[in-house]
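Okay, structure first, notes after.
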Amino acid sequence: MKILAIGRNYAKHIEELNNERPDEPVVFSKPETAILKNNAAFYHPDFSNDIHHEVEILVKICKVGKNIDEKFAHKYYEEIGIGVDFTARDLQSKAKAKGLPWDLAKGFNGSAPISNFVSKSKYDLSNLNFSLKKDGEDV
């Protein structure tokens with residue numbers, strides 16, 4: 001499984017991190033070794049002192065396409081899920097300051113816990129509600 005992720009796509013998060021709003025999507029990837037399934041435990045990596053997390057909607061692409069018009073995008077996925085994007089912000093900040101890629105900050109082992117995928121037909125995709133609890137508390 002290949003994970004392609006879109007960065008800087010939430011206005012509040014852009015503001016929170018004092019980032020520039022991009023004209024085009026910021027795309028990054030996570031390797032298969034980043035994926036955690038079946039509620040496997042996340043272990044804080046020893047190479048970072050500043051791990052952040054974000055809850056994300058996942059879209060499982062089901063057919064090949066290229067330069068898909070937005071009005072046809074819904075035909076390229078059938079299932080959705082929930083995931084967590086863990087980021088080593090200290091490593092990311094160092095890389096960004098030097099104009100280097102974020103791979104180590106975003107793609108470390110276990111940095112992408114994911115749920116099972118479910119049919120998108122079960123949900124109103126324009127009104128999805130989800131949250132994250134850490135030790136039983138909303139975060």
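Please treat every number below as a calculation from the coordinates, not as lab data. If you're wondering where the values come from, they're calculated on a predicted model, not measured in any experiment. Cβ coordinates were reconstructed from backbone atoms using ideal geometry, including for glycine residues, and neighbour counts include every protein chain displayed.
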| request: Output the number of residues of the range 79-91 satisfying the condition of being more than 16 Å from the chain's Cα centre (by Cα) and surrounded by 19 or more Cβ atoms within 10 Å (Cβ to Cβ). | output: 1
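So which residues in the range 88-118 are part of a loop (DSSP other than H, G, I, E, B) and small (Gly, Ala, Ser), if there are any at all? If you could, list the steps in order and put the result at the bottom.
Within the range 88-118, the first condition is being part of a loop (DSSP other than H, G, I, E, B), and the residues that meet it are 98-102, 107-111, 115-117.
Those that are part of a loop (DSSP other than H, G, I, E, B) and small (Gly, Ala, Ser): Gly99, Gly107, Gly110, Ser111, Ser115.
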| Is it true that Ile57 is exposed (fewer than 14 other Cβ atoms within 10 Å of the Cβ), touching a residue at least 60 places away in the same chain (Cβ under 8 Å) and within 17 Å of the chain's Cα centre (by Cα)? | yes
| request: Would you check if there is a residue in the range 92-101 being loosely packed, with under 10 Cβ neighbours inside 10 Å and within 19 Å of Ala40 (Cα to Cα)? | output: no
| query | In the range 119-139, which residues are within 17 Å of Glu78 (Cα to Cα) and not in a loop (DSSP other than H, G, I, E, B)? | reply | Ser119, Lys120, Ser121, Lys122
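When you scan the range 40-54, how many residues do you find that are part of a loop (DSSP other than H, G, I, E, B) and without any contact (Cβ under 8 Å) to a residue 40 or more places away in the chain? Quick ask: steps written out before the conclusion?
At the first step, the residues of the range 40-54 found to be part of a loop (DSSP other than H, G, I, E, B) are 40-50.
Add one more test, that the residue is without any contact (Cβ under 8 Å) to a residue 40 or more places away in the chain, and what stays is 41, 44, 46.
Looking only at that region, the number is 3.
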| request: Please go through the range 66-87 and pick out each residue that is acidic (Asp, Glu) and free of Cβ contacts under 8 Å to residues at least 12 places away in the same chain. | output: Asp69, Glu70
